[in-house]
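A short write-up of the structure that comes next.
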Amino acid sequence: MRFLSLASLLMILSSTPMPSAGVIDVTRITTIKGKTLEGTILGVIVTKSPATSDENFKYVTTYSFYTGDGLSAIDGQGLHPRAKTFSFMAFASTRTAPSDDREVVQVVISKPPDAVMLAPNAADNSITFRESPSPLAAMPIQLFGPALKDGEITYAHGYAKPQYVNTAKLLGELTVSNGNARLTPALRLKTAAGVVTIRVADVQPAPRR
């Protein structure tokens, strides 16, 4: 059994369940050219933190998953989750090489944490998630997660705290095509004029910490 440190996690997530605001507001995305676009992000947004290490694994990489409507902004400061927005994190632990983003995404989609119910939307090829009502979802940490080729994944979940900003690297959006999930390095924003696709490379990057 491998126990995870909760010190950094508690800075991000509140382990006490709180009701969601229930109101979908617009998300503002700022591009590298300084232009701000407003709308609703269609799918699940994924970020990746630099790998650390522990006593069992050489590389431990944190992936954070947010529903698009749970973000108020993505700009030069980072990702701004709305207060009390439910999200989850996957800790990919590997022994000999950093985790492969595509493999992590496939494992998460096939074996999500107990706290999460994933739902593909065939109409726009997006994936969304919501909190599971299962009693198993009460634990904020799952110590035994699904396996990777070179390690394992453990999960954490909770509610974003007010004024928290995620400065991790933006990877893109989870999409699904012909039943297969993949990580697309772009964000689809539903605006008043229609759906706009914004490449991750064109989004104003957050400072690295």
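The values are calculated or read from the model by the stated rules, or taken from the named source; none is laboratory data. Since this is a predicted model, take the numbers as computed values, not measurements. Ligands, DNA and RNA are excluded from the accessible area calculation, which covers all protein heavy atoms including side chains. Shrake-Rupley method; radii C 1.70, N 1.55, O 1.52, S 1.80 Å.
Across the stretch 147-207, the mean sequence separation of Cα contacts (distance under 8 Å, 6 or more residues apart), normalised by length, yields a relative contact order of 24 percent.
How many percent of the alpha carbon pairs in the stretch 116-209 exceed a separation of 15 Å? Cα-Cα pairs in the stretch 116-209 separated by more than 15 Å: 75 percent. Straight Cα distances below 13 angstrom link K48 to the aspartates and glutamates D100, D101, E173, with same-chain residues fewer than 8 positions distant left out.
Listed by chain and number, the aspartates and glutamates placed with their C-alpha closer than 19 angstrom to that of K33 are D75, D202; residues fewer than eight positions away on the same chain are left out.
Springs between Cα atoms under 10 Å define the GNM used for the chain, and in it the highest mean-square fluctuation of T47, T191, T154 occurs at T191.
Note on surface exposure: F144, F65 rank F144, F65 by accessible area, highest first, 1.4 Å probe. Considering only the Cα atoms of the stretch 58-107, their convex hull presents on average a projected area of 4.5 nm². Rounded to the nearest 5, the antiparallel percentage of DSSP beta bridges internal to the chain is 95%. Highest GNM mean-square fluctuation, the chain, Cα pairs closer than 10 Å: which of K84, K58, K169? In the Gaussian network model the winner is K58. Rounded to the nearest 10 degrees, the angle from helix 101-110 to the longest Cα principal axis of the chain is 80 degrees.
When E152, E131, E173 are compared by accessible area of protein heavy atoms, the largest-first order is E131, E152, E173, using a 1.4 Å probe. In the chain, Cα pairs under 8 Å separated by at least six residues give a relative contact order of 27 percent. For the stretch 71-89 and the stretch 115-139, write down the distance between their C-alpha centroids in whole Å. Using only Cα atoms, the two centres lie 18 Å from each other. Calculated mean residue ellipticity, 222 nm, the chain: -1500 deg cm²/dmol, from DSSP H runs (n ≥ 4) at -39500 (n - 2.57) each, averaged per residue and rounded to 500. Running a GNM on the chain with Cα contacts under 10 Å, which residue among G194, G78, G34 ends up with the highest mean-square fluctuation? Greatest mean-square fluctuation among the candidates belongs to G194. Are any of the pairs K84/K169; K35/K161; K35/K84; K58/K161 more than 24 Å apart by Cα-Cα distance, and if so, which? Checking Cα-Cα distances, K35/K161; K35/K84; K58/K161 exceed 24 Å. With the whole protein complex present, V26 retains an accessible surface near 60 Å², based on a 1.4 Å probe.
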